[in-house]
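Note sheet for the following structure.
Every read-out reported here was derived from the displayed coordinates using simple, explicitly stated rules and does not represent laboratory data. Quick caveat, the model's predicted, so the values are computed rather than measured. No Cβ is skipped: glycine too gets one built from the backbone with ideal geometry, and neighbour counts run over all protein chains shown.
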Amino acid sequence: MRELDLFSSGFTGYFKNNPGWAALSVVCTACFLVLLFSFSIVLIRALGYQARVLTVLAFQVVVTFFMYFTPTPGAAGVAEGGYGLLFSQLVRKQDIVPLTLSWRLLTIYVGVVIGIVVLYRELFHRNRADRI
């Protein structure tokens, strides 16, 4: 209960102290999610399909919702399975595996690789500059 109270008071303080920053964080989060969900739209269009944008975004919201409550690390397997299950309604069966793998590669693994490169540079190149 103590952690819940601490979280609640921090959350309340975040919105109460400077509502402009809180509103900006909500707007930036919404923009990030729309851009993240748009990868599926681009991939589906690249395969030659004309799926409705709102349908694709709604499917992405459902997949993301279930990913947050999946007990596996990173929703491994559940994310791909849910994505394949939902998006198989929009594309042919032979296109669902490449679509799912491309989606996961672009939305997760490209960011992981970029993060590894940045972390490596920060840890090793910054230390060398500090020693000089």
Review point. Using Cα atoms only, what is the angle between the long axis of helix 78-87 and the major principal axis of the chain, expressed in degrees (0 to 90) to the nearest 10?
Key: 40
Check your understanding: Could you give the angle, 0 to 90 degrees to the nearest 10, between helix 53-68's Cα long axis and the longest principal axis of the Cα atoms of the chain?
Key -> 60
Practice item. Can you pull a Stokes-Einstein diffusion coefficient for the chain at 4 °C (1.567 mPa s), Rh from Kirkwood over Cα pairs, as a whole number of µm²/s? Key: 73
Review point. Where does the chain land at 222 nm, in deg cm²/dmol rounded to the nearest 500, when only DSSP H runs of n ≥ 4 count, each adding -39500 (n - 2.57), divided by all residues?
Key: -24000 deg cm²/dmol
Point to revise | C-alpha long axis of helix 2-17 to longest principal axis of the chain, angle in ° | key: 90
Review point. In segment 71-104, what trypsin sites (Lys or Arg not before Pro) fall in a loop by DSSP, with at most 14 other Cβ atoms inside 10 Å?
Key: Arg92
